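A short reminder: the numbers here are calculations on the coordinates, not readings from a lab. Predicted model only: the values in this text are computed from it and were never measured. Backbone-built Cβ (ideal geometry, glycine too); neighbour counts: all protein chains shown.
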């Protein structure tokens, strides 16, 4: 595999972790009693949402449409490689959340897919039932009891909350891939992640289009789907269950997956 145009820059964690710690002391804001959607920054969020839609319309959507016509023999290995490169960060968060079983599963997935699966291009671990146990630092903060905070829409990244925004920053800083991954994974992890976002946009194009371009208020629809899906994922929904935005409570099987067209970098 030829080298990428530029390698991943080295990161120094200590200064950033100090800043993150200080910021966390002042975050996250607590929603007023009885408020299900805490959005004190709605005016700014809506402006950012329109910016993100412009980016999607100009680049991500057409690129996704092109990717949807690529053969699976190209798309699947790219997604596999990207997902595998994100496993070391998931292992760290599994441990921080006290999920030893999840950490063990993700560690075995990473080792098996990196070796037998040729840097993660294939997924032999999944074939034997070792499926990823997803974890991120936003979820870690939730386990630690930090409130969700206000809803945010971030430029290029998309829907988030104050807690998840800090979590994504921490995930980037503490990502151990540079220390445990192969040179190929370190060099190509970020380009593969970008390619995965484009492939996902193409795979779920009609779903994303219905939210962004066919709803009466795409901002409100995006916010609702993101918050409900994220709360369900973290077990923070009403009575621990999924609330259907069109009425009625559902189970995990009934919950529609929210596809974030601006999913942030891990």
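When Rg and the Kirkwood radius Rh are both evaluated on Cα atoms of segment 102-196, their ratio Rg/Rh stands at 1.02.
Once the Cα-Cα distance is subtracted from the 0.36 nm per residue extended length, the residue 104 to residue 69 segment shows a gain of 9.0 nm. For segment 71-195, the relative contact order comes to 30 percent (Cα pairs under 8 Å, sequence separation of at least 6). The gain in end-to-end length when the residue 30 to residue 221 segment is fully stretched comes to 66.5 nm, 0.36 nm per residue minus the alpha carbon separation.
The calculated FRET efficiency for the pair residue 213 and residue 143, based on their C-beta separation and a Förster distance of 45 Å, comes to about 0.80. Say R0 is 25 Å: what FRET efficiency, to the nearest 0.05, do residue 131 and residue 183 get from their beta-carbon distance? That pair, residue 131 with residue 183, gives E of 0.40. Using only Cα positions of segment 39-237, each an equal point scatterer, no hydration layer, compute I(q)/I(0) via Debye at q = 0.08 Å⁻¹ and quote the log10 values to two decimals. The Cα Debye sum returns log10 ratios of -0.30.
Per-residue Cβ neighbour counts within 10 Å put 69, 38 in the sequence 69, 38, beginning with the fewest.
Protection proxy ranking of 144-152, 118-126, 175-183, by the mean of other Cβ atoms within 10 Å over each peptide's residues and highest first, is 118-126, 144-152, 175-183.
Between residue 58 and residue 76, the contour length at 0.36 nm per residue exceeds the Cα-Cα span by 4.0 nm.
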